[in-house]
Amino acid sequence: MLIAPSMLACDFRRIEEEAKRALKAGADWLHLDVMDGAFVDNISFGPDVCAAIRKSVPDDTFLDAHLMINAPDHYLPRFLKAGMNLISIHVEREGAVDLHATLAATRAAGAKAGLVLNPATPVQLTLPYLAEVDLVLVMSVVPGFGGQSFMPEVLQKVHFLREQRTTQSLRFLIQMDGGIGPAQAPLCRNAGADCLVAGSSTFRAADMAEAIRQMRM
Ligand code: DX5
Ligand code: ZN
């Protein structure tokens with residue numbers, strides 16, 4: 001199980017130290033939540049802060065950018081330039097954004113391409129893209145804010161995706177994000193998740209290394 005602490009929950013006054021603290025505590029990836037105040041009702045940070053985080057951590061650190069923005073196609077080149085290893089875009093922008101082209105452009109630039117779905121979004125909407133993605137992110141909260149409660153009803157989507165991956169002989173990873181800590185991790189693992197995003201339960205834990213260790217079990 002890969003554990004990806006969300007930098008959204010870190011102390012923004014000292015973001016470099018916080019990134020290093022997460023890595024030292026055993027983080028596999030760092031998850032960067034990008035919010036534009038339009039796709040979600042919050043504003044976090046953009047490509048310049050992502051680039052600063054890139055420069056703050058060892059070159060082999062895997063940076064996972066979750067774009068909660070209306071125009072991921074328009075901003076994609078800036079996140080690629082910022083050195084993101086994985087860029088995930090929301091399936092809810094289908095129609096407004098050419099998702100096939102955006103996923104392909106991400107991969108053509110040498111990054112991994114991810115597709116995200118919100119709790120209310122039917123998992124079947126991901127079907128046309130499954131052969132074109134490296135990761136599917138199943139949101140377990142309505143995105144926009146850290147510190148919300150886990151929605152167990154989304155676990156059935158993870159089951160569905162795992163079945164599709166097997167029957168179609170695909171290789172994408174399944175990630176979950178929102179309200180996840182040591183208490184929720186076993187549910188996610190049993191459903192078939194490969195990677196857990198965790199904000200509050202890592203950065204705000206008394207002992208981050210122990211929290212990560214418990215989630216990985
Ligand atoms: C929600 C974000 C999540 C969030 C996770 O909009 O995509 O990554 O920061 O935070 P916790 O783990 O506190 O729910
Ligand atoms: Zn996220």
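Structure values in brief
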{"item": "Residue match in the stretch 173-184 (condition: assigned to a helix (DSSP H, G or I), without any contact (Cβ under 8 Å) to a residue 12 or more places away in the chain and within 22 Å of A22 (Cα to Cα))", "result": "no"}
{"item": "Residues located in the stretch 122-162, provided they are away from ligand 1 (no atom under 14 Å from the Cβ), in a loop (DSSP other than H, G, I, E, B) and in contact (Cβ under 8 Å) with a residue 24 or more places away in the chain", "result": "V133, D134"}
{"item": "Failed condition for T106, given (1) open to solvent by less than 10 Å² (accessible area, probe 1.4 Å); (2) in a helix (DSSP H, G or I); (3) within 16 Å of ligand 2 (Cβ to nearest atom)", "result": "(3)"}
{"item": "Residue match in the stretch 12-25 (condition: assigned to a strand (DSSP E or B), open to solvent by 10 Å² or more (accessible area, probe 1.4 Å) and without any contact (Cβ under 8 Å) to a residue 24 or more places away in the chain)", "result": "no"}
{"item": "Residue match in the stretch 186-195 (condition: in contact with a Cys (Cβ under 7 Å, 6 or more places away or on another chain), crowded, with 18+ Cβ neighbours inside 10 Å and in a helix (DSSP H, G or I))", "result": "no"}
{"item": "Filter pass, S149 being open to solvent by 30 Å² or more (accessible area, probe 1.4 Å), farther than 24 Å from I69 by Cα, among the polar types (S, T, N, Q) and away from ligand 2 (no atom under 14 Å from the Cβ)", "result": "no"}
{"item": "Candidate set: the stretch 52-93, residues that are in a strand (DSSP E or B) and of a type in the set (G, A, S); chosen: the one farthest from T106 (Cα to Cα)", "result": "A65"}
{"item": "Members of the stretch 182-207 that are more than 27 Å from Q124 (Cα to Cα), within 19 Å of the chain's Cα centre (by Cα) and not β-branched (V, I, T)", "result": "P182, G199, S200, S201, F203, R204"}
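The values are calculated or read from the model by the stated rules, or taken from the named source; none is laboratory data. Since this is a predicted model, take the numbers as computed values, not measurements. Cβ coordinates were reconstructed from backbone atoms using ideal geometry, including for glycine residues, and neighbour counts include every protein chain displayed. Side chains included, ligands, DNA and RNA excluded: accessible areas come from the protein's heavy atoms. Shrake-Rupley method; radii C 1.70, N 1.55, O 1.52, S 1.80 Å.
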